[in-house]
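Remarks on the structure that follows.
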Amino acid sequence: MKQIKFIITLCCLMMLMGCKSRTFINNSDRTNTLPALSVKGNFLMNSNGDTVILRGVSYGWHNFWPRFYNESSAKYIINHWGADVLRAAMGVDIDKNSYINRPDFGIECVSKIANAAIENGAYVIIDWHCHNLRLNEAKEFFTKMAKRYKGVPNVIYELYNEPINDSWTEVKNYSIELIKTIRAIEPNAVILVGSPHWDQDIHIAADDPITGFKNIMYTLHFYANTHGQSLRDRADYALSKGLPIFVSECAGMEATGDGPINREEWGKWIDWMNKNKISWAAWSIADKNETCSMLYPSASSEGDWNDNDLKEWANIVIEELTSSDFVPAIISE
(Lines give C-alpha, C1' and ligand atoms only; values in the text may rest on other atoms or scores of the structure.)
Protein backbone atom coordinates (compact mmCIF):
# COMPACT_ATOMS: atom_id res chain seq x y z
CA MET A 1 0.00 0.00 0.00
CA LYS A 2 2.86 2.38 0.85
CA GLN A 3 4.45 1.61 -2.50
CA ILE A 4 1.23 2.50 -4.31
CA LYS A 5 0.95 5.78 -2.38
CA PHE A 6 4.57 6.58 -3.20
CA ILE A 7 4.02 5.92 -6.91
CA ILE A 8 0.89 8.12 -6.95
CA THR A 9 2.75 10.90 -5.13
CA LEU A 10 5.70 10.63 -7.51
CA CYS A 11 3.39 10.82 -10.54
CA CYS A 12 1.69 13.92 -9.14
CA LEU A 13 5.05 15.60 -8.56
CA MET A 14 6.14 14.81 -12.10
CA MET A 15 2.90 16.29 -13.44
CA LEU A 16 3.44 19.46 -11.45
CA MET A 17 7.01 19.75 -12.66
CA GLY A 18 5.78 19.29 -16.20
CA CYS A 19 3.48 22.29 -15.82
CA LYS A 20 6.53 24.51 -15.32
CA SER A 21 8.31 23.55 -18.52
CA ARG A 22 7.67 24.21 -22.19
CA THR A 23 7.38 20.62 -23.36
CA PHE A 24 6.87 20.00 -27.06
CA ILE A 25 3.34 18.70 -27.30
CA ASN A 26 0.67 18.95 -29.94
CA ASN A 27 -1.27 22.04 -28.98
CA SER A 28 -4.33 20.83 -30.87
CA ASP A 29 -5.55 19.60 -27.47
CA ARG A 30 -6.44 23.20 -26.62
CA THR A 31 -7.69 24.26 -30.06
CA ASN A 32 -11.35 24.19 -29.11
CA THR A 33 -10.80 25.80 -25.71
CA LEU A 34 -8.26 28.51 -26.55
CA PRO A 35 -9.45 31.49 -24.49
CA ALA A 36 -10.40 34.82 -26.00
CA LEU A 37 -8.04 37.65 -25.09
CA SER A 38 -8.82 41.09 -23.73
CA VAL A 39 -6.88 44.08 -22.47
CA LYS A 40 -7.22 45.12 -18.83
CA GLY A 41 -5.06 48.07 -17.81
CA ASN A 42 -1.55 47.35 -19.09
CA PHE A 43 -2.10 43.61 -19.38
CA LEU A 44 -3.27 41.06 -21.88
CA MET A 45 -5.70 38.69 -20.17
CA ASN A 46 -7.79 35.65 -20.95
CA SER A 47 -11.44 34.99 -20.24
CA ASN A 48 -10.55 33.33 -16.92
CA GLY A 49 -8.97 36.53 -15.63
CA ASP A 50 -5.38 35.27 -15.97
CA THR A 51 -2.61 37.55 -17.20
CA VAL A 52 -1.27 36.24 -20.49
CA ILE A 53 2.18 36.54 -22.03
CA LEU A 54 2.46 35.35 -25.62
CA ARG A 55 5.91 34.55 -27.00
CA GLY A 56 6.64 33.53 -30.56
CA VAL A 57 8.08 34.48 -33.93
CA SER A 58 7.26 36.64 -36.90
CA TYR A 59 7.46 35.39 -40.44
CA GLY A 60 9.41 37.60 -42.84
CA TRP A 61 7.67 39.61 -45.56
CA HIS A 62 5.30 37.26 -47.38
CA ASN A 63 6.21 38.71 -50.77
CA PHE A 64 9.91 37.94 -50.33
CA TRP A 65 9.70 34.59 -48.51
CA PRO A 66 6.39 33.03 -49.52
CA ARG A 67 7.88 29.55 -49.44
CA PHE A 68 7.66 29.50 -45.65
CA TYR A 69 4.01 30.59 -45.61
CA ASN A 70 2.45 27.18 -45.26
CA GLU A 71 0.60 25.15 -42.66
CA SER A 72 3.45 22.70 -42.11
CA SER A 73 6.06 25.30 -41.12
CA ALA A 74 3.60 26.98 -38.76
CA LYS A 75 2.71 23.69 -37.12
CA TYR A 76 6.40 22.89 -36.66
CA ILE A 77 7.19 26.26 -35.04
CA ILE A 78 4.26 25.93 -32.65
CA ASN A 79 4.79 22.31 -31.67
CA HIS A 80 8.60 22.04 -31.83
CA TRP A 81 9.80 25.55 -31.02
CA GLY A 82 7.10 26.18 -28.42
CA ALA A 83 5.66 29.38 -29.95
CA ASP A 84 2.39 30.66 -28.48
CA VAL A 85 1.94 33.26 -31.23
CA LEU A 86 2.87 33.59 -34.90
CA ARG A 87 2.96 36.86 -36.81
CA ALA A 88 2.07 36.79 -40.49
CA ALA A 89 3.84 39.82 -41.97
CA MET A 90 1.98 40.62 -45.17
CA GLY A 91 4.15 42.94 -47.28
CA VAL A 92 1.91 45.67 -48.61
CA ASP A 93 3.62 47.79 -51.22
CA ILE A 94 7.18 46.64 -51.96
CA ASP A 95 7.85 44.67 -55.18
CA LYS A 96 5.58 42.93 -57.68
CA ASN A 97 4.39 40.23 -55.26
CA SER A 98 3.20 42.67 -52.57
CA TYR A 99 -0.43 42.97 -51.55
CA ILE A 100 -1.05 46.05 -53.69
CA ASN A 101 -0.10 44.13 -56.83
CA ARG A 102 -1.30 40.65 -55.84
CA PRO A 103 -3.93 40.99 -53.11
CA ASP A 104 -5.30 37.46 -53.41
CA PHE A 105 -1.79 36.03 -53.03
CA GLY A 106 -1.22 38.09 -49.87
CA ILE A 107 -4.49 36.95 -48.35
CA GLU A 108 -3.71 33.34 -49.25
CA CYS A 109 -0.31 33.47 -47.52
CA VAL A 110 -1.64 35.14 -44.37
CA SER A 111 -4.60 32.78 -44.17
CA LYS A 112 -2.37 29.69 -44.30
CA ILE A 113 -0.50 30.86 -41.20
CA ALA A 114 -3.69 31.96 -39.43
CA ASN A 115 -5.45 28.68 -40.17
CA ALA A 116 -2.48 26.64 -38.97
CA ALA A 117 -2.25 28.65 -35.75
CA ILE A 118 -5.95 28.09 -35.10
CA GLU A 119 -5.68 24.37 -35.85
CA ASN A 120 -2.67 23.95 -33.57
CA GLY A 121 -3.87 25.99 -30.61
CA ALA A 122 -1.80 29.16 -30.96
CA TYR A 123 -2.56 32.83 -31.50
CA VAL A 124 -1.79 34.68 -34.72
CA ILE A 125 -1.10 38.32 -35.54
CA ILE A 126 -2.38 39.40 -38.95
CA ASP A 127 0.09 42.17 -39.72
CA TRP A 128 -0.38 44.94 -42.30
CA HIS A 129 3.37 45.07 -42.93
CA CYS A 130 3.78 48.54 -44.37
CA HIS A 131 5.74 51.76 -43.87
CA ASN A 132 3.22 54.08 -45.54
CA LEU A 133 -0.33 55.16 -44.85
CA ARG A 134 -2.67 53.29 -47.20
CA LEU A 135 -6.03 53.68 -45.50
CA ASN A 136 -8.36 52.58 -48.29
CA GLU A 137 -6.42 49.42 -49.09
CA ALA A 138 -6.07 48.63 -45.38
CA LYS A 139 -9.81 49.02 -44.85
CA GLU A 140 -10.50 46.58 -47.67
CA PHE A 141 -8.01 44.06 -46.31
CA PHE A 142 -9.09 44.16 -42.68
CA THR A 143 -12.75 43.97 -43.69
CA LYS A 144 -12.01 40.69 -45.47
CA MET A 145 -9.94 39.32 -42.61
CA ALA A 146 -12.43 40.31 -39.91
CA LYS A 147 -15.25 38.62 -41.83
CA ARG A 148 -13.15 35.51 -42.39
CA TYR A 149 -12.14 35.15 -38.72
CA LYS A 150 -15.11 36.71 -36.95
CA GLY A 151 -15.49 35.23 -33.49
CA VAL A 152 -12.23 33.24 -33.66
CA PRO A 153 -10.32 33.93 -30.40
CA ASN A 154 -6.90 33.16 -31.90
CA VAL A 155 -6.71 36.22 -34.18
CA ILE A 156 -5.01 39.55 -33.36
CA TYR A 157 -4.95 42.43 -35.87
CA GLU A 158 -1.89 44.68 -36.33
CA LEU A 159 -2.91 47.84 -38.20
CA TYR A 160 0.40 49.37 -39.27
CA ASN A 161 3.75 47.65 -38.96
CA GLU A 162 6.16 50.58 -38.68
CA PRO A 163 5.20 54.18 -39.43
CA ILE A 164 8.30 56.11 -40.45
CA ASN A 165 7.52 59.67 -41.49
CA ASP A 166 3.92 59.94 -40.27
CA SER A 167 3.09 61.98 -37.19
CA TRP A 168 1.22 60.44 -34.26
CA THR A 169 -1.82 62.53 -35.22
CA GLU A 170 -1.81 60.94 -38.68
CA VAL A 171 -1.24 57.44 -37.34
CA LYS A 172 -3.89 57.90 -34.66
CA ASN A 173 -6.53 59.07 -37.13
CA TYR A 174 -5.66 56.24 -39.52
CA SER A 175 -5.86 53.70 -36.68
CA ILE A 176 -9.22 54.97 -35.47
CA GLU A 177 -10.70 54.49 -38.93
CA LEU A 178 -9.39 50.93 -39.10
CA ILE A 179 -10.54 50.13 -35.57
CA LYS A 180 -14.04 51.25 -36.55
CA THR A 181 -13.84 49.08 -39.66
CA ILE A 182 -12.85 45.97 -37.69
CA ARG A 183 -15.21 46.63 -34.79
CA ALA A 184 -18.20 46.84 -37.15
CA ILE A 185 -17.56 43.15 -37.83
CA GLU A 186 -15.49 41.84 -34.94
CA PRO A 187 -16.33 43.60 -31.66
CA ASN A 188 -13.85 41.90 -29.35
CA ALA A 189 -10.55 40.97 -31.02
CA VAL A 190 -7.32 42.52 -29.74
CA ILE A 191 -6.02 45.23 -32.09
CA LEU A 192 -2.39 46.45 -32.18
CA VAL A 193 -1.69 50.10 -33.02
CA GLY A 194 1.69 51.34 -34.30
CA SER A 195 3.54 54.48 -33.28
CA PRO A 196 5.82 56.83 -35.27
CA HIS A 197 9.48 56.33 -36.06
CA TRP A 198 9.52 52.54 -36.53
CA ASP A 199 7.38 52.01 -33.41
CA GLN A 200 9.88 53.88 -31.25
CA ASP A 201 7.79 56.92 -30.24
CA ILE A 202 5.46 55.08 -27.93
CA HIS A 203 5.88 57.82 -25.32
CA ILE A 204 4.15 60.25 -27.70
CA ALA A 205 1.20 57.91 -28.11
CA ALA A 206 1.02 57.60 -24.33
CA ASP A 207 0.39 61.33 -24.02
CA ASP A 208 -2.49 61.21 -26.51
CA PRO A 209 -3.92 57.67 -26.59
CA ILE A 210 -6.87 56.42 -28.60
CA THR A 211 -10.03 56.46 -26.48
CA GLY A 212 -13.51 55.02 -26.83
CA PHE A 213 -12.47 51.49 -27.79
CA LYS A 214 -11.63 48.38 -25.77
CA ASN A 215 -8.94 45.74 -26.36
CA ILE A 216 -6.38 48.09 -27.93
CA MET A 217 -2.62 47.70 -27.42
CA TYR A 218 0.34 49.65 -28.81
CA THR A 219 3.33 48.12 -30.53
CA LEU A 220 6.95 48.65 -29.59
CA HIS A 221 9.76 47.32 -31.80
CA PHE A 222 13.38 46.94 -30.75
CA TYR A 223 16.66 45.55 -32.04
CA ALA A 224 18.88 45.01 -29.03
CA ASN A 225 22.23 46.07 -30.51
CA THR A 226 20.72 49.43 -31.50
CA HIS A 227 18.01 50.06 -28.92
CA GLY A 228 18.79 49.93 -25.24
CA GLN A 229 17.87 51.61 -21.99
CA SER A 230 16.69 54.87 -23.54
CA LEU A 231 13.94 53.04 -25.44
CA ARG A 232 13.01 51.04 -22.34
CA ASP A 233 12.73 54.36 -20.51
CA ARG A 234 10.25 55.55 -23.14
CA ALA A 235 8.31 52.34 -22.75
CA ASP A 236 8.35 52.60 -18.95
CA TYR A 237 6.91 56.09 -19.29
CA ALA A 238 4.15 54.75 -21.55
CA LEU A 239 3.38 51.97 -19.07
CA SER A 240 3.24 54.50 -16.23
CA LYS A 241 0.61 56.38 -18.24
CA GLY A 242 -1.45 53.20 -18.54
CA LEU A 243 -0.58 52.38 -22.16
CA PRO A 244 -0.66 48.60 -22.83
CA ILE A 245 2.32 47.43 -24.91
CA PHE A 246 2.81 44.47 -27.24
CA VAL A 247 6.30 43.92 -28.73
CA SER A 248 5.21 42.58 -32.11
CA GLU A 249 8.73 42.62 -33.57
CA CYS A 250 12.10 42.31 -31.87
CA ALA A 251 15.56 40.87 -32.33
CA GLY A 252 19.05 40.87 -30.84
CA MET A 253 21.16 42.48 -33.54
CA GLU A 254 21.25 45.96 -35.14
CA ALA A 255 18.14 47.71 -36.43
CA THR A 256 19.25 46.93 -39.98
CA GLY A 257 18.61 43.28 -39.17
CA ASP A 258 22.30 42.54 -39.61
CA GLY A 259 25.49 42.79 -37.58
CA PRO A 260 26.43 41.09 -34.31
CA ILE A 261 23.91 39.84 -31.76
CA ASN A 262 24.12 41.65 -28.45
CA ARG A 263 23.26 38.85 -26.04
CA GLU A 264 23.66 41.03 -22.96
CA GLU A 265 21.23 43.68 -24.18
CA TRP A 266 18.84 41.01 -25.49
CA GLY A 267 18.83 39.53 -22.01
CA LYS A 268 17.98 42.92 -20.51
CA TRP A 269 15.04 43.23 -22.90
CA ILE A 270 13.83 39.73 -22.02
CA ASP A 271 14.02 40.56 -18.31
CA TRP A 272 12.14 43.81 -18.91
CA MET A 273 9.39 42.11 -20.90
CA ASN A 274 9.01 39.36 -18.30
CA LYS A 275 8.89 41.89 -15.49
CA ASN A 276 6.15 43.88 -17.21
CA LYS A 277 4.32 40.79 -18.58
CA ILE A 278 4.70 41.93 -22.17
CA SER A 279 4.13 39.63 -25.13
CA TRP A 280 6.60 39.47 -28.01
CA ALA A 281 7.35 38.01 -31.44
CA ALA A 282 10.94 37.65 -32.69
CA TRP A 283 11.89 38.58 -36.26
CA SER A 284 12.06 36.53 -38.58
CA ILE A 285 11.31 33.30 -40.42
CA ALA A 286 13.32 33.88 -43.60
CA ASP A 287 16.53 32.71 -45.26
CA LYS A 288 18.05 36.04 -46.30
CA ASN A 289 21.80 36.47 -45.86
CA GLU A 290 21.47 38.57 -42.70
CA THR A 291 21.67 37.98 -38.98
CA CYS A 292 17.97 38.32 -38.19
CA SER A 293 16.80 35.74 -40.74
CA MET A 294 16.66 32.59 -38.67
CA LEU A 295 17.15 30.04 -41.45
CA TYR A 296 19.77 29.14 -44.03
CA PRO A 297 18.73 28.55 -47.66
CA SER A 298 19.17 24.82 -46.98
CA ALA A 299 16.11 24.88 -44.73
CA SER A 300 13.04 23.16 -46.10
CA SER A 301 9.96 25.30 -46.72
CA GLU A 302 7.80 23.10 -44.50
CA GLY A 303 9.73 22.99 -41.22
CA ASP A 304 11.35 19.91 -39.68
CA TRP A 305 14.63 21.83 -39.60
CA ASN A 306 17.87 20.33 -38.33
CA ASP A 307 20.77 22.11 -36.63
CA ASN A 308 22.51 22.87 -39.91
CA ASP A 309 19.43 24.81 -41.10
CA LEU A 310 19.35 27.13 -38.09
CA LYS A 311 21.35 30.30 -37.63
CA GLU A 312 22.61 31.53 -34.26
CA TRP A 313 19.63 33.85 -33.87
CA ALA A 314 17.16 30.98 -34.32
CA ASN A 315 18.87 29.01 -31.56
CA ILE A 316 18.75 32.01 -29.19
CA VAL A 317 15.02 32.45 -29.83
CA ILE A 318 14.28 28.74 -29.45
CA GLU A 319 16.24 28.72 -26.19
CA GLU A 320 13.99 31.48 -24.88
CA LEU A 321 10.78 29.90 -26.15
CA THR A 322 11.66 26.60 -24.49
CA SER A 323 12.93 28.15 -21.28
CA SER A 324 12.25 25.79 -18.38
CA ASP A 325 11.51 28.65 -15.98
CA PHE A 326 8.59 29.98 -17.98
CA VAL A 327 5.01 28.69 -17.90
CA PRO A 328 3.63 28.85 -21.46
CA ALA A 329 1.04 31.47 -22.36
CA ILE A 330 -0.64 31.98 -18.98
CA ILE A 331 0.51 33.45 -15.70
CA SER A 332 -2.11 33.06 -12.98
CA GLU A 333 -2.47 36.06 -10.72
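Each semi-axis of the equivalent ellipsoid for the chain is √(5λ) with λ an eigenvalue of the Cα gyration tensor; in descending order they amount to 30, 23, 21 Å. Overall, the accessible surface of the range 195-269 at a probe of 1.4 angstrom is composed of carbon and sulfur to the extent of 49 percent. Working from label points 7 Å from Cα in the Cα-to-Cβ sense, the Ser298 to Asp207 distance is 5.2 nm. Each Lys or Arg adds one and each Asp or Glu subtracts one; over the other residues with Cβ under 12 Å from the Cβ of Cys292, this totals -4. Here the Karplus relation 6.51 cos²θ - 1.76 cosθ + 1.60, evaluated at θ = phi - 60°, turns the backbone of the range 205-218 into coupling constants of 4, 5, 7, 8, x, 6, 10, x, 9, 9, 6, 10, 10, 10 Hz, with x for every Gly and Pro. Potential lengthening of the chain between Lys139 and Asn276 amounts to 46.1 nm, from the contour at 0.36 nm per residue minus the alpha-carbon distance.
Its convex hull of Cα atoms gives the range 50-165 a direction-averaged projected area, equal to a quarter of the hull surface, of 7.5 nm².
When the surface is traced with a 1.4 Å probe over the full set of protein chains, Phe43 keeps roughly 80 Å² accessible.
Rolling a 1.4 angstrom probe over the protein heavy atoms with all chains in place gives the range 44-195 an accessible area of 32 Å² per residue. Per residue, the Cα convex hull of the range 99-252 amounts to 118 Å³.
With semi-axes defined as the square roots of five times the eigenvalues of the C-alpha gyration tensor, the equivalent ellipsoid of the range 132-178 measures 22, 11, 9 Å, largest first. Over the residues of the chain, the helix contribution to mean residue ellipticity at 222 nm works out to -11500 deg cm²/dmol, using -39500 (n - 2.57) for each DSSP H run of at least 4.
Rg then Dmax, both in Å and based on the Cα atoms of the range 176-333: 17.1, 50. Note on exposure: Ser300, Ser293 ranked by accessible area (1.4 Å probe, complete protein assembly) read Ser300, Ser293, with the most exposed listed first. Its convex hull of Cα atoms gives the range 105-189 a direction-averaged projected area, equal to a quarter of the hull surface, of 5.3 nm².
Here the average projected area of the convex hull drawn through the C-alpha atoms of the range 202-286 stands at 6.0 nm². In terms of the mean number of neighbouring beta-carbon atoms within 10 Å, the peptides 165-178, 189-202 order highest first as 189-202, 165-178.
The values are calculated or read from the model by the stated rules, or taken from the named source; none is laboratory data. What you see is a predicted model; the values in this text were computed from it and never measured. Here the Cβ is made from the backbone with ideal geometry for all residues, glycine too, and neighbour counts use every protein chain on show. For the accessible areas, the whole protein counts, side chains as well, though only heavy atoms, and no ligand, DNA or RNA atoms are used. Shrake-Rupley method; radii C 1.70, N 1.55, O 1.52, S 1.80 Å.
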